[in-house]
1. Of the residues that make up the stretch 94-109, is at least one assigned to a loop (DSSP other than H, G, I, E, B), modelled with pLDDT of 95 or more, within 11 Å of the chain's Cα centre (by Cα) and over 14 Å from Leu186 (Cβ atoms)?
2. State all residues of the stretch 208-244 that are within 16 Å of the ligand (Cβ to nearest atom) and in a loop (DSSP other than H, G, I, E, B); if no residue qualifies, say none.
3. How about the stretch 245-272: which of its residues are away from the ligand (no atom under 16 Å from the Cβ) and assigned to a loop (DSSP other than H, G, I, E, B)?
4. Scan the stretch 16-27 and tell me whether some residue there is under 23 Å from the mean Cα position of the chain (by Cα) and at pLDDT 90 or above.
5. Is it fair to say Pro182 is touching a Leu at 6+ places or on another chain (Cβ under 9 Å), at pLDDT 95 or above and within 16 Å of the ligand (Cβ to nearest atom)?
6. Could you please find all residues in the stretch 214-250 being surrounded by fewer than 19 Cβ atoms within 10 Å (Cβ to Cβ), under 16 Å from Leu186 (Cβ atoms) and either among the hydroxyl-bearing types (Ser, Thr, Tyr) or free of Cβ contacts under 8 Å to residues at least 12 places away in the same chain (or both)?
7. Looking for something within 25 Å of Ala84 (Cα to Cα), polar (S, T, N, Q) and surrounded by 16 or more Cβ atoms within 10 Å (Cβ to Cβ) - is there at least one such residue anywhere in the stretch 199-213?
Amino acid sequence: MLWLSVLATGRRAAIGGLCVSTSFAATAGSAGVSRPLADAILLSDADFYAQFPYRTVADVLPFLRECAREGDPDSVVAALDLWAARYPMYQISATKGAILDGALRRASPNIAVEIGSFIGYSAVRMARALPRTARLVCVEASPDFAEVARSVVAYAGLDATFVVAKASDCVPRLAELAGDDPIDFLFLDHAKEAYLADLQRLEAANLVRNGTVVLADNVRYPGAPGFLDYVVPPRYDTQLVDAPYEAVGWETNWKVVDDAMSISTRLALLSQ
Ligand SMILES: *[C@@H]1O[C@H](CO)[C@@H](O)[C@H](O)[C@H]1NC(C)=O
């Protein structure tokens with residue numbers, strides 16, 4: 001029990017003393033917040049942790065079934081935002097989610113790929129923001145995470161193709177799924193030290209071409225070695241968008257830490 005209360009206290013301190021429950025309660029009644037979610041928002045920490053324990057990632061599923069409306073992506077996103085506020089975890093924050101939504105809408109891709117799905121939060125956000133005719137492919141190395149993410153996306157009534165493979169091994173399958181088309185939008189959120197090598201693998205397979213947008217999380221913290229130095233002209237045009245690191249906890253000593261997402265557009269190389 002002790003670590004749970006430390007977890008909760010740390011999270012609250014981490015967001016500047018703002019009470020999580022209160023900030024969520026303010027949104028209760030607005031779009032996406034179901035009656036059961038509004039009730040869950042108002043639970044004390046102790047009651048929430050008793051009612052919705054988190055022992056494995058699959059524990060998010062009974063919580064969703066109770067608190068989110070099936071077939072309603074907004075409701076699923078709102079419920080997962082509450083889950084992440086109670087259980088600091090590796091899920092992008094709502095702030096970063098909004099950056100992802102915006103970049104995706106601007107890119108209006110036919111084929112979008114995310115690498116590193118975890119429990120499917122960003123997959124739901126991406127599938128929700130995609131044009132109706134577009135396809136989302138999610139690469140996740142852990143079969144357990146992929147299974148949960150698949151269930152979360154399906155519960156939201158959305159569609160995605162899952163590739164259960166390490167990023168370094170997924171290129172042949174992605175090439176098969178894309179056919180002759182490029183990936184128009186790529187979201188990197190897996191092992192940070194692998195961003196650069198995995199992007200270069202996709203370039204070598206001609207899956208990243210002129211105009212492909214590459215959004216990468218955690219480029220400032222924990223940081224992706226070599227990545228930001230690579231996504232510069234003449235290869236890429238890159239913009240950094242500041243947003244705090246989401247998984248405040250042991251590794252950040254419960255402090256809010258500066259982080260950023262990078263949004264890079266592949267430029268036409270002379271050799272292309
Ligand atoms: C590259 O894409 C841009 C639009 O993103 C387009 O304006 C430009 O003509 C393209 N360049 C080549 C060489 O295809």
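1. Taking every residue of the stretch 94-109 in turn, none turns out to be assigned to a loop (DSSP other than H, G, I, E, B), modelled with pLDDT of 95 or more, within 11 Å of the chain's Cα centre (by Cα) and over 14 Å from Leu186 (Cβ atoms).
2. Val208, Arg209, Asn210, Gly211, Thr212, Val231, Pro233, Pro234, Arg235 - these are the residues of the stretch 208-244 that are within 16 Å of the ligand (Cβ to nearest atom) and in a loop (DSSP other than H, G, I, E, B).
3. Tyr245, Glu246, Ala247, Val248, Gly249, Asn253, Trp254, Lys255, Val256, Val257, Asp258, Asp259
4. Taking every residue of the stretch 16-27 in turn, none turns out to be under 23 Å from the mean Cα position of the chain (by Cα) and at pLDDT 90 or above.
5. Taking the combined requirement at face value, the residue satisfies it.
6. Tyr230, Thr238
7. The initial filter retains those residues of the stretch 199-213 that are within 25 Å of Ala84 (Cα to Cα), namely none.
Checking the stretch 199-213: not a single residue is within 25 Å of Ala84 (Cα to Cα), polar (S, T, N, Q) and surrounded by 16 or more Cβ atoms within 10 Å (Cβ to Cβ).
The values are calculated or read from the model by the stated rules, or taken from the named source; none is laboratory data. Note that the structure is a prediction, hence the values are computed from the model and not measured. Cβ: placed from backbone, ideal geometry, glycine included. Neighbour counts: every protein chain shown.
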